[in-house]
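Enquirer: The structure is given below, and queries will be raised subsequently.
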Amino acid sequence: MAGKGGDHPFATGLVYVVGLVIAVFVIGRLTHTDLLGLARDGSSALSRALGGGKASSADLRDVKVAKPGSASGYGLSKFPDADSDANGCPTRDDVLGRDLSGVKRHGPCTVASGTLTDPYTGRSVAYISGHADTVRIEHVVALRTAWRSGASGWGQDRRTRFANDPDTLLAVDATAARDRAGRGPGEWRPSPRYQCAFAQRYVTTLHDYGLTVTKADHDALATMLGRC
C-alpha cells in the first residue's frame, strides 16, 4: 500500500539513492577551483572538502621549508600577461567571469559588471568595468614571494604560465588586497571563515609549482588547514 500522499517507500528510497549517486559524481568532478567558489557561502561541508584533511596535510609536508631567496632581479616584467587558455580573452576577464556572480559582458570577453563575494572577508562587492579599484585580481602566492621561493630559477615560459594560471589567481576586494599587500600567511590571514579555502589553494600552488615555503608561512598554513 502506498504511504500517505501516494509515495511508495521503495520508490522514495530509489529516488534518494539515485540522487546520492549523482551528488557524489558531481562533487567528484569538481576541481579545487570550483570548490573554492562554492565554499564562499561559508558552508562547513564544502570548506572541509576544500582543504585540510590528509591530502592537504600530505601536500604541505611535501613542500620544502627554506629561507627566502634574494629578491634581486625581480620585476613584474618577469611574469608577463598572456592568454592562458587560448580563448582570446584576457586572463583578468577570465577570472572575473569565474569568480563573480550575475556577470554581464561587453562582447565575448569583457566583464562589464557583476558581484564578488570576497574570498578573504566574505564582503559583497559590486564590480563595474572601468572601476577596477573595487576588485583586484591577485596571486594567491604573490609574485615577489614566488620569485624568492624558486621562480627566479625558472624559464620565462614557466613564469608566464604561473602568472596566468587561473588556479593561482583570485578576484578579491581591492580593500582586502591592499590590507594583505602581498604578505604571506605568516604575516597575514583572511577571516577565519575563509582560512581553510585560502590555505588549501596556497598549498596547492606551492606543491604544483615546486615552490619552497618559509617556516613562518608553513606553520601558519598548518594552523589554517586545521580549520578545515
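Enquirer: If I filter the range 78-103 down to residues being at pLDDT below 95 and surrounded by fewer than 16 Cβ atoms within 10 Å (Cβ to Cβ), which single residue comes out as farthest from Leu206 (Cα to Cα)?
Expert: Gly88
Enquirer: If I go through the range 147-159 residue by residue, how many of them are in a helix (DSSP H, G or I), of a type in the set (Gly, Ala, Ser) and open to solvent by less than 50 Å² (accessible area, probe 1.4 Å)?
Expert: 1
Enquirer: Identify all residues within the range 106-127 that are more than 23 Å from Ala181 (Cα to Cα) and of a type in the set (A, V, I, L, M); write none if there are none. Please lay out each step first, then the result.
Expert: So the first thing to find is which residues in the range 106-127 are more than 23 Å from Ala181 (Cα to Cα), and the list is 106-114.
Hits for the range 106-127 are Val111, Ala112.
Enquirer: I've got another one for you. Looking only at the range 160-170, decide whether some residue is buried (at least 19 other Cβ atoms within 10 Å of the Cβ), in contact with a helix residue (DSSP H, G or I) (Cβ under 6 Å, 6 or more places away or on another chain), within 24 Å of Val65 (Cα to Cα) and among the aliphatic types (A, V, I, L, M).
Expert: Within the range 160-170, one or more residues are buried (at least 19 other Cβ atoms within 10 Å of the Cβ), in contact with a helix residue (DSSP H, G or I) (Cβ under 6 Å, 6 or more places away or on another chain), within 24 Å of Val65 (Cα to Cα) and among the aliphatic types (A, V, I, L, M).
Enquirer: Return the residues of the range 80-96 that are closer than 18 Å to His139 by Cβ and free of Cβ contacts under 8 Å to residues at least 60 places away in the same chain; say none if nothing qualifies.
Expert: Answer for the range 80-96, where residues must be closer than 18 Å to His139 by Cβ and free of Cβ contacts under 8 Å to residues at least 60 places away in the same chain: Pro90, Arg92, Asp93.
Enquirer: Which is touching a residue at least 60 places away in the same chain (Cβ under 8 Å) and farther than 30 Å from Val65 by Cα, of Gly122, Gly102?
Expert: None of the other options fit; the residue is Gly122.
Enquirer: Further, regarding this structure: Might you let me know whether the range 124-132 holds any residue that is at pLDDT 95 or above, surrounded by 19 or more Cβ atoms within 10 Å (Cβ to Cβ) and in a strand (DSSP E or B)?
Expert: Yes, the range 124-132 has at least one match.
Enquirer: Sticking with this one: Name the residues in the range 174-228 that are part of a loop (DSSP other than H, G, I, E, B), open to solvent by 40 Å² or more (accessible area, probe 1.4 Å), aliphatic (A, V, I, L, M) and more than 30 Å from Ile128 (Cβ to Cβ), would you?
Expert: none
The values are calculated or read from the model by the stated rules, or taken from the named source; none is laboratory data. As the structure is a computational prediction, the values presented were derived from the model and not from experiment. Reconstructed Cβ throughout: ideal geometry from the backbone, glycine too, with neighbour counts over all protein chains shown. In case anyone asks, the SASA skips ligands and DNA or RNA and just uses the protein heavy atoms, side chains included. Shrake-Rupley method; radii C 1.70, N 1.55, O 1.52, S 1.80 Å.
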